[in-house]
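Notes for the one structure printed next.
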Amino acid sequence: MLLAFLALGATKAQAIIINWRPVGITFGQTARVNILNTGDRAFIIDGGKFLDSDGNVIAEFRGTIDPGKTMSFDLDGDTVPRTENRIEIHVVIEGPVPHLRNVLFSLEVFNNADGKTTVFIGDPGI
């Protein structure tokens, strides 16, 4: 019984809020989360979510990022149901503990028509 409890504790995921400041998107824009694994082990995303300002899940994503690889996840503003033109969003990513120090995150918003980035949140040195 104790062994089962310890095993459950070892597999618990940790939520990482990669964008503590919400960003607004509108029709004709896409929000993209970029994740770079600089470590020597794969990073597993158990549950990534784009959330609106009320905490409602707009879209979800999962994946495994091998060492030295980058993965991106998009939220197309044209596909988000809403009553207003703009929507405030933020992103939460859940992954296994520990090994987060070797994972770099950024969030960008770009125009669908021309690909021009209008917002970048992350380490500019990446």
Give a residue-ordered list of calculated ³J(HN,Hα) values for segment 106-112 (Karplus: 6.51 cos²θ - 1.76 cosθ + 1.60, θ = phi - 60°; whole Hz; x for Gly, Pro). 8, 10, 10, 10, 9, 6, 5
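Based on the mean of other beta carbon atoms within 10 Å per residue, what is the order of 45-58, 72-85, most packed first? Please report the intermediate quantities before stating the final value.
Details: 45-58: 14.9, 72-85: 13.1.
Final packing ranking: 45-58, 72-85.
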Given points 7 Å out from each Cα along the Cα-Cβ axis, report the residue 72 to residue 117 separation in nanometres with one decimal. 0.9
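Please give the contour-minus-distance gain from residue 104 to residue 85: 0.36 nm per residue of separation, less the Cα-Cα distance, rounded to one decimal in nm. Please report the intermediate quantities before stating the final value.
Working: separation 19, 0.36 × 19 = 6.84 nm, distance 3.07 nm.
Taking residue 104 through residue 85 to full extension adds about 3.8 nm, to one decimal.
Every read-out reported here was derived from the displayed coordinates using simple, explicitly stated rules and does not represent laboratory data. Just so we're clear, the structure is a prediction, and the values are computed from it rather than from any experiment. Neighbour counts run over all protein chains shown; Cβ positions are idealised from the backbone, glycine included.
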